[in-house]
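Everything below concerns the one structure shown next.
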Amino acid sequence: MFRKFFRRDRESDAVHDLYACLVEQARKTEFYENHSVPDSLDGRFDMITLHMFLVLHRLKAEKERTEAFSQKLFDLMFYDMDLSLREMGVGDVGVGKRVKAMLQGFYGRLAAYEGALEQGDTALEDALKRNLYGTIEADEAAVQYMRNYLIQQIEYLKDQDISDIVSGKIKFRS
């Protein structure tokens, strides 16, 4: 699917495999059907962003080994976003503007989640309400579920060997 974007080498294949895994996790229907995540373009972007945050947060713990890999993962995500917009029929001029807005949203969400982790549960819930649930009024149970999900995934990913992750093998907690 995205392999033509990269040279064919082991690291590029691993980036692709990792991205495909996090997108698959972000698209799980339970988020949209059971936990009030909007099943929309924005909601799906936010779920992919949330899972990218989880992976990048883990990779950042060993930045010296993972910086180039993280950059390739980021590049693939925005290549995918660009491609998806084009497939939806957005014109060349519109794609650039939308991708720029997505980039700003992405960086804002990463900063919000990172800062909220340091500040505690209430801050994390507020960040989720503003970002993941920004287009709807989410019920408290959904927000709390997603807060717990985020924290549990961070803890679960800490236990995974970084060598496995940069080889494209990652597991999210069920």
Only one of 153, 160 is within 22 Å of residue 72 (Cβ to Cβ), of a type in the set (S, T, N, Q) and assigned to a loop (DSSP other than H, G, I, E, B), namely 160
Counting only residues that are surrounded by fewer than 20 Cβ atoms within 10 Å (Cβ to Cβ) and without any contact (Cβ under 8 Å) to a residue 60 or more places away in the chain, the range 19-33 contains a total of 9
Give the residues of the range 156-174 that are of a type outside the set (Gly, Ala, Ser), without any contact (Cβ under 8 Å) to a residue 12 or more places away in the chain and surrounded by fewer than 12 Cβ atoms within 10 Å (Cβ to Cβ), sorted by residue number. 159, 161
Of all residues in the range 42-78, count the ones that are under 22 Å from residue 143 (Cβ atoms) and free of Cβ contacts under 8 Å to residues at least 24 places away in the same chain. 1
Selection within the range 138-155 - under 30 Å from residue 17 (Cβ atoms), of a type in the set (A, V, I, L, M) and exposed (fewer than 15 other Cβ atoms within 10 Å of the Cβ): 151
Going through the range 110-137 one residue at a time, which ones are touching a helix residue (DSSP H, G or I) at 6+ places or on another chain (Cβ under 7 Å), over 17 Å from residue 37 (Cα atoms) and either buried (at least 21 other Cβ atoms within 10 Å of the Cβ) or without any contact (Cβ under 8 Å) to a residue 12 or more places away in the chain (or both)? 116, 123
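Criterion first (exposed (fewer than 12 other Cβ atoms within 10 Å of the Cβ), modelled with pLDDT under 95 and of a type outside the set (Gly, Ala, Ser)) does residue 81 satisfy it?
no
The values are calculated or read from the model by the stated rules, or taken from the named source; none is laboratory data. Since the model is a prediction, treat every value here as computed from it, not as a measurement. Note that we place each Cβ from the backbone using ideal geometry, even for glycine, and neighbour counts take in every protein chain shown.
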